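First comes the structure, then the notes that go with it.
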Amino acid sequence: MLDSPEFHRAARIRGLEISEIVQISERAAARKALGHDVVALSTGEPDFPTPEAVIAAAHKAATDGKTRYTPTLGTAELRAAIAADAKARPDQVIVSCGAKQVIANAMLATLEAGDEVVMPAPFWTSYADIVRMAGGSPVIVSCAMADGFKLTPAALEAALTPRTRWLMLNAPSNPSGAIYSPAELSALEAVLLRHPQVWVLSDEIYEHLNFIPFHRLADVAPDLRGRLLTVNGVSKAWSMTGWRIGWGIGPVDLIRAMGAVQGQVTSGACSIAQAAATAALTGGTEVLDVRRDAMRARRDLVVSALDAMPGIECAAPDGAFYVFPRITGAMQAQGHATDAAFCDWLLAEHDLALVPGRAFGLPGHLRLSFAYAESELQTGLDRLARALNGDT
Ligand code: PMP
């Protein structure tokens, strides 16, 4: 490999690294390649295959010649399907390469240097880095486990300043699984109505992975619609992480600005993947119901096992496919000062990959993804139990 002593990293991305979740998964894969029998419960990716009808639609799109650039904001078919699903208009929709690019487009399209973006912690790791990359400042508001890891109206009010441009909400939440009730959303709406400069990004990518009723913010808080960007996509519910299709729904001026960014970065999402996503979105909810039930069974297995372990307190998540237990007791008992050191130890000594809470802005916890087969979950849980009991 050539060294480049002259290499200059732009100030904009100084300190930016590959996401900690990806780093841990890569370290686990590297250990596996060395012959270790690693169990990695670290990735936010369902183990189910993409539904067959979706793959058939992609195949058909390819053989039908849908192999060319699509309009920057997405194909007419997919935008129409998203708009119908969201009770919006197609011109209020942008399709991007995954929900992640929707969020990046929005931040790049709107943030001035130093603008503040409020994010309740625990939050998905990339939020803070995307905001920094776009020149903004993340304002992290810790949410207590006793409050179900949810943002309270008082904490929101206290975090808002004249520089606040966005509030980022995510439910069902990665990593806590929290879902807000309509009353809780209305209480947050009441605060936001007093602060008209604040826009809201509602990341609903885990919408169909819910174990209690889930309510879209756009439905519960119609008065926010003029400054609301809803983010969603096919990655999680339809097991389509590799297809890279996500979308945003919001006011036309915002969508156009996001399209201007996207047009200079990717030109738009993959034509074949957009045809596949159209089939997913219009293909009925049967497959989603079956997968949700499977996830619920996995959740129950993981929560009861974890909560019985010494030094670990685990609440049952209401959605998504993660648990986010508090591990401070276990850290102390094993002599680890940080959750990162605890997770390093689990990987190095017990071949178990989990993500420390600090990656989500809330240290003293860890995230375990239960989007894996029950046998793999059981092996991972056994290893954790043995580690905490001092067995090797
Ligand atoms: N938002 C949240 C909360 C996520 O957990 C993820 C994926 N881990 C994304 C967005 C990004 O989804 P996509 O793969 O569609 O870019």
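What translational D, rounded to a whole number of µm²/s, comes out for the range 70-139 from Stokes-Einstein when the hydrodynamic radius is the Kirkwood one over Cα pairs, at 4 °C and 1.567 mPa s?
My calculation gives 96 µm²/s for D.
For the range 311-360 and the range 180-201, what is the separation of their Cα centres, given in Å?
That distance is 32 Å.
Find out how many positive minus negative residues lie around G15, taking Lys and Arg as positive, Asp and Glu as negative, among other residues whose Cβ is under 11 Å from that of G15.
Taking every Cβ under 11 Å from that of G15, the sum is +2.
Need one word for the range 88-232: rounded, prolate or oblate. Basis is the Cα gyration tensor (sqrt eigenvalues a ≥ b ≥ c); a/c below 1.5 gives rounded, then a/b vs b/c decides.
In terms of gyration-tensor shape, rounded.
Rounded if a/c is under 1.5, else prolate if a/b beats b/c, else oblate: with a ≥ b ≥ c from the C-alpha gyration tensor eigenvalues square-rooted, which is the chain?
rounded
Using the Cα centre as the reference, give the magnitude of the dipole from point charges on the C-beta atoms of the range 254-392 (Lys, Arg: +1; Asp, Glu: -1; all else neutral), rounded to the nearest 20 debye.
Here the size comes out at about 500 debye.
Rounded, prolate or oblate for the range 165-275? Axes are the square roots of the Cα gyration tensor eigenvalues, ordered a ≥ b ≥ c, and the cut-off for rounded is a/c under 1.5.
oblate
So which GluC sites (Glu not before Pro) in the range 52-124 pass both tests, a DSSP loop state and at most 11 other Cβ atoms within 10 Å of the Cβ?
Hits after loop and neighbour filter: E112.
Taking the chain as a Gaussian network, Cα atoms linked when under 10 Å apart, which of D344, D253, D318 shows the biggest mean-square fluctuation?
D253
Taking the chain as a Gaussian network, Cα atoms linked when under 10 Å apart, which of G364, G226, G319 shows the biggest mean-square fluctuation?
The residue that fluctuates most here is G226.
Read-outs throughout are calculated quantities, based only on the coordinates presented, and are distinct from any laboratory measurement. Because the structure is predicted, anything quoted here is derived from the model rather than measured. Note that we place each Cβ from the backbone using ideal geometry, even for glycine, and neighbour counts take in every protein chain shown.
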